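Working notes, structure below.
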């Protein structure tokens, strides 16, 4: 009986670490996919839409991992002149549920955050002005 009393919480803690690792990689993969998709876009509005869709697709593939998620896409590096560097930054928060593990001392949930950056093509005019004369 004593073995069972000690073994069950230890197994719960191991499961919590497994969920945290899975949630961390899920958030990182979604942020990376969103940053890549957004940086390949032609303008900030398209970058926002494509980045969000890429993150949602990635999170959807791991829908049992994140109970809630938040996606923030920073496209402020987009309106750069050709030849100037620019970046897209994406932050994905993934909240994993821990309450159902029923381990004393564990919080009900844990939010894991991943941030990824992707460079925009520095030789493309993204200001929307083009070569119009």
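The values are calculated or read from the model by the stated rules, or taken from the named source; none is laboratory data. Because the structure is predicted, anything quoted here is derived from the model rather than measured. So basically every Cβ, Gly included, is an ideal-geometry build from the backbone, and we count neighbours across all protein chains shown.
None of 31, 47 is at pLDDT 90 or above, surrounded by 21 or more Cβ atoms within 10 Å (Cβ to Cβ) and within 14 Å of the chain's Cα centre (by Cα) except 31. Pairing each residue of the range 45-58 that is on the phi > 0 side of the Ramachandran plot and in contact (Cβ under 8 Å) with a residue 12 or more places away in the chain with any residue that is surrounded by 17 or more Cβ atoms within 10 Å (Cβ to Cβ) and outside any helix (DSSP H, G or I), provided the two are 6+ apart or on different chains, yields no C-beta distance under 9 Å. When 12, 18 are checked against the criterion of being under 21 Å from residue 112 (Cβ atoms) and without any contact (Cβ under 8 Å) to a residue 12 or more places away in the chain, a single residue qualifies: 18. Of the residues in the range 70-81, not one is over 19 Å from the mean Cα position of the chain (by Cα) and more than 30 Å from residue 121 (Cα to Cα). Looking across the range 58-86, just one residue is under 19 Å from residue 37 (Cβ atoms), in a strand (DSSP E or B) and modelled with pLDDT under 90, and that is 69.
Residue count for the range 90-107 under the criterion of being surrounded by fewer than 20 Cβ atoms within 10 Å (Cβ to Cβ) and under 25 Å from residue 43 (Cβ atoms): the result is 1.
Considering only the range 87-126, state which residues are closer than 25 Å to residue 13 by Cα, touching a strand residue (DSSP E or B) at 6+ places or on another chain (Cβ under 8 Å) and assigned to a loop (DSSP other than H, G, I, E, B). Residues satisfying the conditions are 98, 108. Looking across the range 108-120 at every residue that is surrounded by fewer than 19 Cβ atoms within 10 Å (Cβ to Cβ) and touching a helix residue (DSSP H, G or I) at 6+ places or on another chain (Cβ under 8 Å), the one that is modelled with the lowest pLDDT is identified as 108. Looking only at the range 30-44, filter to residues that are in contact with a helix residue (DSSP H, G or I) (Cβ under 6 Å, 6 or more places away or on another chain) and touching a residue at least 40 places away in the same chain (Cβ under 8 Å); which one of those is nearest to residue 120 (Cα to Cα)? Top of the filtered list is 38.
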